[in-house]
Amino acid sequence: MIAKEAEAWQKLLRVLTHEISNSAIPLSTLSSYIYELVEEAEQQKRKLTEQERADILESLKTIDQRSRSLKEFVHNFKSVNQVPEPVIDKVRLDEILSEVGRLFDQEFQRETIAFTHPDHVTGTIYADRILTMQVIINLVKNAIEAMSNFKEGKTISMSVEREGAHFVSVHIADSGCGIDSDDLEQIFVPFYSTKKSGSGIGLSISQQIMQKQKGKITVRSSPGRGSVFTVSFSCAD
């Protein structure tokens, strides 16, 4: 019994470490960006420009929103085998995609990743906003890591596709290393990872979240040609 409890705690710690890390890294990047803007203005003995002030306020808003969401996610995470029960509501898809873009903006610049997303997304979906954000953050972070050994040609694109009258899908495509067919069959298996330092948790959690929301997550990938992860939701309008 003691051995099983110890194993369960180890798995839980791996899960929480993974989720906290995925959110903490872009938060740290945004914080550094704010610090650098303020420090540069002080060194030059000048006031912040209107654009700099706007960037700082937007960054602080994103940090606050993500911190609150992460705190609630960790609080609700009861065990390694059970993600929080989703609180389904009408969620604006454009708000989620915009927040993810802001969250990773500085990391995209630092890693010289060309990021594109649709300018105008309309409509709402039935989903848990906090859990859905966690899914998309996981997928974007995986896309960044898939290009970690690349020096150029790094791209991540988000697109939205309406599927009939009842479903809408978000596609997250990268120009990374791709996934072998043998690995592709197992990437959603808990604790299976193709990365040396990977926990093998993120995609498993993402799949559980989507299933609990009556949605789904799928992937298309070819070695050397990148990957496309798709998350599908029920439309709310």
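The values are calculated or read from the model by the stated rules, or taken from the named source; none is laboratory data. Source: prediction; values computed, not measured. Accessible surface is based on the protein model in full, side chains and every heavy atom, while ligands, DNA and RNA are left aside. Shrake-Rupley method; radii C 1.70, N 1.55, O 1.52, S 1.80 Å.
Worth a mention:
- Accessible surface of segment 84-237, 1.4 Å probe, proportion on carbon and sulfur as whole %: 48 percent
- The Cα-based radius of gyration and maximum Cα-Cα distance (Dmax) for segment 101-224 are 14.8, 42 Å.
- Equivalent ellipsoid semi-axes, segment 103-147, via Cα gyration tensor eigenvalues times 5, rooted, Å: 22, 14, 8
- For segment 88-237, the solvent-accessible area works out to 49 Å² per residue, with a probe of 1.4 Å and every protein chain left in place.
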